[in-house]
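First comes the structure, then the notes that go with it.
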Amino acid sequence: MAVPEFQTSPGMRDILAPESARWRAFVDVFARIVEAAGYRQLMSPLLEDLGVFQRIGEATDVVTKEMYDFVDKGGRHIALRPELTASICRAFVQHRPPTPWKVWSAGSQFRYERPQRGRYRQFDQVDIEVLGSDDPYVDVEVIALGWEFYRALGLRQVTLLVNSLGEPEDRARYVEALRVYFEANVDALSPESAVTLQKNALRVLDSKRAQDAALIAAAPHIAEFYSAEAGAFFEAVQSGLRALEIPFRVDASLVRGLDYYRHTTFEFQGGTLDSAQNALGGGGRYDGLVESLGGPPTPGVGFALGLDRTLIACDDEGVFAPPSLNVDVFVVDTTGGLEALRITADVRAAGMRVDRAYEQRSMKGQMKAADRSGAKFAVIIGTDELDKAAVVVRPLRGERANDQSTIPRVDLISYLQKVLS
Ligand code: AMP
């Protein structure tokens, strides 16, 4: 086959059936779990003013390098969303809902990254955020819902890492200590991390480059900088996780992408993926984001889980297979197709899944299509049946396959309901 002139852009994919049904099921499972915990869906636009996303933090790659931004026909500088938190905070400021505001969201995000397995330029996330509560048990609830979601998908090889960045002042003292430490060792850092260091020493800890690993491992630890309040907050989060019997590991290098994170940060890692792409999802507590978007001081905590990458983990673990898209019944009509039109409408109206062949194909061609459809029964109408106001019902699979019966047309629906139940 010749290569077509147009194909999807790098890092962007068509999601065909049955995978597309699996994506929908993924969001359905997520929605069921978080709605049962009081989270309500927010559908925000794919495009926002660039400034909304710039508030995520000037030192993050997502903002500085990866944004799809452009000036629209009205002269507005806008961007395709690279993540959901900023839009949710912008929506909070715009609508001022009562707090705690518990929301969930889902959809495509856009980042101009180098595409590879598990890393795309358009990818999907599901997300929850709680705005307006400082209770450490909200952090625990948020983490627990992520954990429950992975369990519901059937994933078993997920590791939960948690950390705390302390209060903003603790964090500031820590960042300064890190800066001094990395600057003293800048010659040993990768060139990329040396650049990052100029902007934000904390971000250097995010580096997954082998060259940086030893320096990062020996860097000062945030725990040494916690105030009493920050220590108590982190202890409350950990004891909450223990109370729910959710296994976790404290990882002091977990600082995550947002400049606004404080206190809790966490990440879910998949056990089957390469380390550069093993983050299935993560989040944390942030402060100042709502204010920077023009709202009142409002704490927030939430997470985003990557759909694409989590489904790769599901494939690796052999869980959460695509749902069956088979129909129940396939109608084969050799009398011109009008009967098939009537019967499919009746069977569909009775709540069964039904498909048919078109274009007056031969009996053989139609039976082949019936087989491909995965239907359990074929309903066959030829001129004989039409004359007698009857239909033939032929089981297509199982022990009774091909053991067909002729039944009156008027009894078809109740007959199918009986054999399909
Ligand atoms: P982040 O918003 O960067 O914290 O990412 C949250 C989750 O989204 C990650 O753990 C990934 O599962 C997913 N994710 C982030 N960037 C990408 C990408 N470029 N391609 C696929 N998934 C991504």
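The values are calculated or read from the model by the stated rules, or taken from the named source; none is laboratory data. As the structure is a prediction and not an experimental result, all values here were calculated from the model. Quick reminder, even Gly has a Cβ in these numbers, built from the backbone with ideal geometry, and neighbours come from all protein chains shown. Accessible surface is based on the protein model in full, side chains and every heavy atom, while ligands, DNA and RNA are left aside. Shrake-Rupley method; radii C 1.70, N 1.55, O 1.52, S 1.80 Å.
Restricting the range 55-77 to residues that are part of a helix (DSSP H, G or I) and either open to solvent by 60 Å² or more (accessible area, probe 1.4 Å) or of a type in the set (Ser, Thr, Tyr) (or both), which is farthest from the ligand (Cβ to nearest atom)? Lay out the reasoning, then the answer.
Of the range 55-77, the ones part of a helix (DSSP H, G or I) are 61-64.
Narrowing the set further to residues that are either open to solvent by 60 Å² or more (accessible area, probe 1.4 Å) or of a type in the set (Ser, Thr, Tyr) (or both) leaves 61, 64.
Numbers: Asp61: 9, Thr64: 14 Å.
It comes out as Thr64.
Can you tell me which residues in the range 134-149 are closer than 20 Å to Ala25 by Cβ and either free of Cβ contacts under 8 Å to residues at least 12 places away in the same chain or within 12 Å of the ligand (Cβ to nearest atom) (or both)?
Of the residues in the range 134-149, the ones closer than 20 Å to Ala25 by Cβ are 145-149.
The answer is Gly146, and nothing else.
Name the residues in the range 87-133 that are near the ligand (Cβ under 10 Å from one of its atoms) and open to solvent by 40 Å² or more (accessible area, probe 1.4 Å), would you? Let's see the steps before the verdict.
So in the range 87-133, the residues near the ligand (Cβ under 10 Å from one of its atoms) come out as 109-127.
If the condition is that a residue be near the ligand (Cβ under 10 Å from one of its atoms) and open to solvent by 40 Å² or more (accessible area, probe 1.4 Å), then Arg111, Tyr112, Arg114, Pro115, Gln116, Arg117, Arg119, Gln122 are the ones that fit.
How do the helices (runs of 4 or more DSSP H) wholly within the range 352-421 filter down when requiring 2 or more residues that are out of contact with any Ser or Thr (no Cβ under 7 Å at 6 or more places or on another chain) and not acidic (Asp, Glu): which remain? Break it down stepwise before answering.
Working: elements: 363-372, 383-388, 412-420.
Result: 363-372, 412-420.
Report, by residue number, each residue of the range 126-176 that is within 22 Å of Thr272 (Cα to Cα) and either in a loop (DSSP other than H, G, I, E, B) or touching a Ser or Thr at 6+ places or on another chain (Cβ under 6 Å) (or both).
Step one: list which residues in the range 126-176 are within 22 Å of Thr272 (Cα to Cα), which gives 126, 143-162.
The answer is Gly154, Leu155, Arg156, Gln157.
Somewhere in the range 399-406, is a residue of a type in the set (A, V, I, L, M, F, W, C), at negative phi and at pLDDT 95 or above? Explain how you work it out, then say what you get.
The initial filter retains those residues of the range 399-406 that are of a type in the set (A, V, I, L, M, F, W, C), namely 401.
Restricting the remaining residues to those that are at negative phi gives 401.
The next check asks that each one be at pLDDT 95 or above; those that pass are none.
No, the conditions are met nowhere in the range 399-406.
Take Val332 and decide whether it is open to solvent by less than 10 Å² (accessible area, probe 1.4 Å), more than 16 Å from the ligand (Cβ to nearest atom) and either of a type in the set (Ser, Thr, Tyr) or in contact with a Phe, Trp or Tyr (Cβ under 7 Å, 6 or more places away or on another chain) (or both). Step through it out loud before you land on a result.
Details: open to solvent by less than 10 Å² (accessible area, probe 1.4 Å): yes; more than 16 Å from the ligand (Cβ to nearest atom): yes; either of a type in the set (Ser, Thr, Tyr) or in contact with a Phe, Trp or Tyr (Cβ under 7 Å, 6 or more places away or on another chain) (or both): no.
Considered against the rule, which asks whether it is open to solvent by less than 10 Å² (accessible area, probe 1.4 Å), more than 16 Å from the ligand (Cβ to nearest atom) and either of a type in the set (Ser, Thr, Tyr) or in contact with a Phe, Trp or Tyr (Cβ under 7 Å, 6 or more places away or on another chain) (or both), Val332 comes out as no.
Could you tell me whether the range 289-303 includes any residue that is in a strand (DSSP E or B) and in contact with a Lys or Arg (Cβ under 8 Å, 6 or more places away or on another chain)? I'd like the intermediate steps shown before the answer.
Let us first name the residues in the range 289-303 that are in a strand (DSSP E or B), namely 300-303.
Within this subset, residues satisfying the condition of being in contact with a Lys or Arg (Cβ under 8 Å, 6 or more places away or on another chain) are 300-301.
Within the range 289-303, one or more residues are in a strand (DSSP E or B) and in contact with a Lys or Arg (Cβ under 8 Å, 6 or more places away or on another chain).
For (1) over 23 Å from the mean Cα position of the chain (by Cα); (2) polar (S, T, N, Q), each residue gets a yes or a no:
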{"site": "Ala236", "(1), (2)": "yes, no"}
{"site": "Ser239", "(1), (2)": "yes, yes"}
{"site": "Gly270", "(1), (2)": "no, no"}
{"site": "Gly283", "(1), (2)": "no, no"}
{"site": "Tyr286", "(1), (2)": "no, no"}
{"site": "Leu293", "(1), (2)": "yes, no"}
{"site": "Gly306", "(1), (2)": "no, no"}
{"site": "Phe330", "(1), (2)": "yes, no"}
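Give the residues of the range 293-317 that are over 13 Å from Thr85 (Cα atoms) and either more than 15 Å from the ligand (Cβ to nearest atom) or hydrophobic (A, V, I, L, M, F, W, C) (or both), sorted by residue number. Outline the logic, then answer.
Kept after step one, since they are over 13 Å from Thr85 (Cα atoms), are these residues of the range 293-317: 294-298, 306-317.
Across the range 293-317, the qualifying residues are Gly294, Gly295, Pro296, Pro297, Thr298, Leu307, Leu311, Ile312, Ala313, Cys314, Glu317.
Checking Gln41 against (1) open to solvent by 80 Å² or more (accessible area, probe 1.4 Å); (2) more than 16 Å from the chain's Cα centre (by Cα); (3) within 18 Å of Gln109 (Cβ to Cβ); (4) not small (Gly, Ala, Ser), which test does it fail?
Of (1) open to solvent by 80 Å² or more (accessible area, probe 1.4 Å); (2) more than 16 Å from the chain's Cα centre (by Cα); (3) within 18 Å of Gln109 (Cβ to Cβ); (4) not small (Gly, Ala, Ser), only one is false for Gln41: (2).
Exactly one condition in (1) within 14 Å of the ligand (Cβ to nearest atom); (2) touching a strand residue (DSSP E or B) at 6+ places or on another chain (Cβ under 8 Å); (3) open to solvent by 30 Å² or more (accessible area, probe 1.4 Å) is false for Asp287; which is it?
(1)
From the list Leu80, Leu84, exactly one residue is closer than 26 Å to Pro10 by Cβ and open to solvent by 10 Å² or more (accessible area, probe 1.4 Å). Which is it?
Of Leu80, Leu84, the one residue that is closer than 26 Å to Pro10 by Cβ and open to solvent by 10 Å² or more (accessible area, probe 1.4 Å) is Leu80.
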